[in-house]
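Taking it in order: structure first as structure tokens, then the write-up.
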Amino acid sequence: MTEGPVELLQELIRNQCVNDGSANSGHEVRSVGTLRDFLGVAGEVFEPAPDRQSVVYRIPGHDPTAPSLALVPHLDVVPVDPTGWSVDPFAAEIHDGFVYGRGAVDMLNVTAAMTTAVRPYLTGEKSPRGDLVFAAVADEETGGRLGAKALVEERWGLVGADYLLTEIAYPSIELGDHRSVPVSIGEKGAYWSVLETRGRPSHGSTPYGSDNALEKLVTALAGVVSTPAPAAMTPEWLGFVGRLGLDDESVRRLTDIDQLDDEIDRIAVGDPTLARYIHAATHLTLATNMLRAGTKVNVVADRARAQVDIRGLPGMDREFVDAHLRKAMGSAGDQVDIEPIMDGDATVSSVGNTLWDAIGDAVEELDGHRNLAPTLMTVATDARFWRARGTVCYGVGLFDGRMSFSEMLSLFHGDDERMSTASVERTASLYERVLERFFAAS
Ligand SMILES: [Zn+2]
């Protein structure tokens, strides 16, 4: 019988709910079974495709005027190449106080902590003032079509809420004797794009004057790669930097758009992962990740396609992205078609409300301070579906100090993904207190 959040995390890792993007991967049915056993309450199962299960519990509050709160962890994990691991990625072994396994960081640690914290409400031991929703969902790692997205679109009466907690739980940031707890308040927009050119096939032995799609595309891509990405000092970035306890000079360098890129280069020498985060949190980012062209080595390429992962800060929309691409490609872009394959604007929740205060109270009780650093996520999470409907969404955790902010970032989808058992337990305690404070205050 699984009792605590650490054992639950181990079981979730061993379930191997690997989502490779195909509909017949994931098999979240396994972890839904684990959660239902752990909770002893059936809940409502949502299964839009075979074995792609999510489970939802909605406990009505005893005060119909009180705000509702949803906890929404995901159950799936990304694929793994075991050759880079020092242990079996699905054995969930504990070494030196760390649970190793795919999903230990993203996000089964949080799933286990949330499940532990909501259990007394689901079993009737505690009664929430407003509605409490607990939705453990499938398919986050490929966009939520078989999980959160579908639930929000089709079952809003079941999963809708005023406030919500999901990803990302980051470790505390410690600078000197100042410690702050990052709270994810928003995420960048995603504007994945295909850049495509057409040419005319002819013999590769006589290329003079030929119309080569690949040569046109790489010339345009050279402009995309070499043009500096636009930066912006968003309120989210200024809010984050202002809460870290940095000295005035560091704050100045990180918030002056003319000094920022040099500062990022300086930070990269000692901490490349942190530099990468700071860059992404302050810039439009473009990563040209896929290229396909031509049919045969001796045939002039008649078609070329590149796929670019583009992420925009709040305020940088599709129009902004396309304008940047056009400018960067210059005249080489005249023959390039830009085809959007994902258009999702950045979403941000405001701070200073019942849930924000409840998190502050809980952090103060467990960590002795209430320094919450509002943090913009560079990745997309399920929160965006609720934010688009007006829900205030945050991600938060409480770690034990054995992993830094940048170490954690480097373990996301990485080799030897691991989480300390103490961090899992502290995060579960945090959620228990957040729930208590939230329902007491509201
Ligand atoms: Zn995740």
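The values are calculated or read from the model by the stated rules, or taken from the named source; none is laboratory data. Predicted, not measured: the structure shown is a model, and the values here were computed from it. Don't worry about glycine lacking a Cβ; one is built from the backbone with ideal geometry, like all the others, and counts go over all protein chains shown. Accessible surface areas use protein heavy atoms only, side chains included; no ligands, DNA or RNA. Shrake-Rupley method; radii C 1.70, N 1.55, O 1.52, S 1.80 Å.
Across the stretch 111-125, which residue is farthest from the chain's Cα centre (by Cα) among those that are touching a residue at least 12 places away in the same chain (Cβ under 8 Å) and away from the ligand (no atom under 16 Å from the Cβ)? Write out each step before concluding.
If we filter the stretch 111-125 for residues that are touching a residue at least 12 places away in the same chain (Cβ under 8 Å), which is where we start, we get 111-119, 121-123.
Restricting the remaining residues to those that are away from the ligand (no atom under 16 Å from the Cβ) gives 116-119, 121-123.
Details: Thr116: 22, Ala117: 22, Val118: 22, Arg119: 25, Tyr121: 27, Leu122: 27, Thr123: 30 Å.
Among residues in the stretch 111-125 that are touching a residue at least 12 places away in the same chain (Cβ under 8 Å) and away from the ligand (no atom under 16 Å from the Cβ), the one farthest from the chain's Cα centre (by Cα) is Thr123.
Any chance you could count how many residues in the stretch 126-144 are more than 15 Å from the ligand (Cβ to nearest atom) and not aromatic (Phe, Trp, Tyr)? Give the steps one after another, and end with the answer.
First pass over the stretch 126-144, keeping only residues more than 15 Å from the ligand (Cβ to nearest atom): 126-134.
If we keep only those that are not aromatic (Phe, Trp, Tyr) too, we end up with 126-133.
The total comes to 8.
Let's see how each residue does on (1) surrounded by fewer than 23 Cβ atoms within 10 Å (Cβ to Cβ); (2) more than 28 Å from Asp400 (Cα to Cα); (3) free of Cβ contacts under 8 Å to residues at least 24 places away in the same chain; (4) over 21 Å from the mean Cα position of the chain (by Cα):
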site: Gly40; (1), (2), (3), (4): yes, yes, no, yes
site: Glu44; (1), (2), (3), (4): yes, yes, no, yes
site: Pro48; (1), (2), (3), (4): yes, yes, no, yes
site: Asp63; (1), (2), (3), (4): yes, yes, no, yes
site: Phe90; (1), (2), (3), (4): yes, no, no, yes
site: Gly101; (1), (2), (3), (4): no, no, no, no
site: Asn109; (1), (2), (3), (4): no, no, no, no
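Residues of the stretch 147-173 being within 15 Å of the ligand (Cβ to nearest atom) and either polar (S, T, N, Q) or closer than 17 Å to Ala49 by Cβ (or both), which ones?
Once the filter is applied, which keeps residues that are within 15 Å of the ligand (Cβ to nearest atom) and either polar (S, T, N, Q) or closer than 17 Å to Ala49 by Cβ (or both), the stretch 147-173 yields Gly147, Ala148, Lys149, Thr166.
Filter the stretch 224-268 for residues that are of a type in the set (Val, Ile, Thr) and either assigned to a loop (DSSP other than H, G, I, E, B) or without any contact (Cβ under 8 Å) to a residue 60 or more places away in the chain (or both); which is farthest from Asn289 (Cα to Cα)?
If we take residues in the stretch 224-268 being of a type in the set (Val, Ile, Thr) and either assigned to a loop (DSSP other than H, G, I, E, B) or without any contact (Cβ under 8 Å) to a residue 60 or more places away in the chain (or both), then Val251 is farthest from Asn289 (Cα to Cα).
Any idea how many residues of the stretch 355-385 are within 16 Å of the ligand (Cβ to nearest atom) and of a type in the set (Gly, Ala, Ser)?
2
Of the residues that sit in the stretch 71-88 and are of a type in the set (A, V, I, L, M, F, W, C) and within 16 Å of the ligand (Cβ to nearest atom), which one is most open to solvent (accessible area, probe 1.4 Å)?
Our first condition is that a residue be of a type in the set (A, V, I, L, M, F, W, C); within the stretch 71-88, this holds for 71-72, 75, 77-78, 80, 85, 87.
Now narrow it down to the ones that are within 16 Å of the ligand (Cβ to nearest atom): 71-72, 75, 77-78, 80.
Numbers: Leu71: 1, Val72: 2, Leu75: 1, Val77: 4, Val78: 21, Val80: 38 Å².
Applying the filter and picking the extreme gives Val80.
Take the conditions within 18 Å of Ile13 (Cα to Cα) and either buried (at least 19 other Cβ atoms within 10 Å of the Cβ) or away from the ligand (no atom under 14 Å from the Cβ) (or both) and apply them to Val105. Does it pass?
Details: within 18 Å of Ile13 (Cα to Cα): yes; either buried (at least 19 other Cβ atoms within 10 Å of the Cβ) or away from the ligand (no atom under 14 Å from the Cβ) (or both): yes.
Taking the combined requirement at face value, the residue satisfies it.
Among (1) more than 21 Å from Leu238 (Cα to Cα); (2) buried (at least 19 other Cβ atoms within 10 Å of the Cβ); (3) in contact with an Asp or Glu (Cβ under 6 Å, 6 or more places away or on another chain), which single condition is Phe412 missing?
Single failed check for Phe412: (2).
Which numbered condition in (1) hydrophobic (A, V, I, L, M, F, W, C); (2) farther than 29 Å from Ala150 by Cα; (3) open to solvent by 60 Å² or more (accessible area, probe 1.4 Å) is the only one that Leu372 fails?
(3)
Among (1) open to solvent by 10 Å² or more (accessible area, probe 1.4 Å); (2) over 28 Å from Arg418 (Cα atoms), there is one condition Glu141 misses while meeting the rest; what is its number?
(2)
Give just the number: which of (1) within 16 Å of the ligand (Cβ to nearest atom); (2) open to solvent by 30 Å² or more (accessible area, probe 1.4 Å); (3) closer than 20 Å to Leu132 by Cβ does Thr427 not satisfy?
Thr427 satisfies all of (1) within 16 Å of the ligand (Cβ to nearest atom); (2) open to solvent by 30 Å² or more (accessible area, probe 1.4 Å); (3) closer than 20 Å to Leu132 by Cβ except (2).
For residues in the stretch 18-38 being acidic (Asp, Glu) and under 20 Å from the mean Cα position of the chain (by Cα), which is surrounded by the most Cβ atoms within 10 Å (Cβ to Cβ)?
Step one: list which residues in the stretch 18-38 are acidic (Asp, Glu), which gives 20, 28, 37.
Still in the running and under 20 Å from the mean Cα position of the chain (by Cα): 20, 28.
On the way: Asp20: 12, Glu28: 28.
Looking at the filtered set, the residue picked out is Glu28.
Hey, among the residues in the stretch 386-408 that are touching a Leu at 6+ places or on another chain (Cβ under 8 Å) and within 16 Å of the ligand (Cβ to nearest atom), which one's nearest to Arg426 (Cα to Cα)?
So the residue we want is Gly397.
Could you figure out which of (1) part of a loop (DSSP other than H, G, I, E, B); (2) touching a helix residue (DSSP H, G or I) at 6+ places or on another chain (Cβ under 7 Å) isn't true of His27?
Unmet for His27, out of (1) part of a loop (DSSP other than H, G, I, E, B); (2) touching a helix residue (DSSP H, G or I) at 6+ places or on another chain (Cβ under 7 Å): (2).
If you take the residues in the stretch 323-335 that are touching a residue at least 40 places away in the same chain (Cβ under 8 Å) and out of contact with any helix residue (DSSP H, G or I) (no Cβ under 6 Å at 6 or more places or on another chain), which one is most open to solvent (accessible area, probe 1.4 Å)? If you could, list the steps in order and put the result at the bottom.
The initial filter retains those residues of the stretch 323-335 that are touching a residue at least 40 places away in the same chain (Cβ under 8 Å), namely 324-325, 327-330, 332-333, 335.
In the following step, the residues that additionally are out of contact with any helix residue (DSSP H, G or I) (no Cβ under 6 Å at 6 or more places or on another chain) were identified as 324-325, 327.
Values: His324: 16, Leu325: 1, Lys327: 159 Å².
Among those that are touching a residue at least 40 places away in the same chain (Cβ under 8 Å) and out of contact with any helix residue (DSSP H, G or I) (no Cβ under 6 Å at 6 or more places or on another chain), it is Lys327.
Among the listed residues Asp361, Asp343, identify the single one that is modelled with pLDDT under 95 and either within 30 Å of Gly395 (Cβ to Cβ) or open to solvent by 30 Å² or more (accessible area, probe 1.4 Å) (or both). Step through it out loud before you land on a result.
Numbers: Asp361 fails: modelled with pLDDT under 95.
Result of the check over Asp361, Asp343: Asp343.
Please work out if Glu407 is among the acidic types (Asp, Glu), surrounded by 18 or more Cβ atoms within 10 Å (Cβ to Cβ), touching a residue at least 24 places away in the same chain (Cβ under 8 Å) and over 20 Å from Lys188 (Cβ atoms).
Details: among the acidic types (Asp, Glu): yes; surrounded by 18 or more Cβ atoms within 10 Å (Cβ to Cβ): no; touching a residue at least 24 places away in the same chain (Cβ under 8 Å): yes; over 20 Å from Lys188 (Cβ atoms): yes.
Judged against the criteria, Glu407 is not a match.
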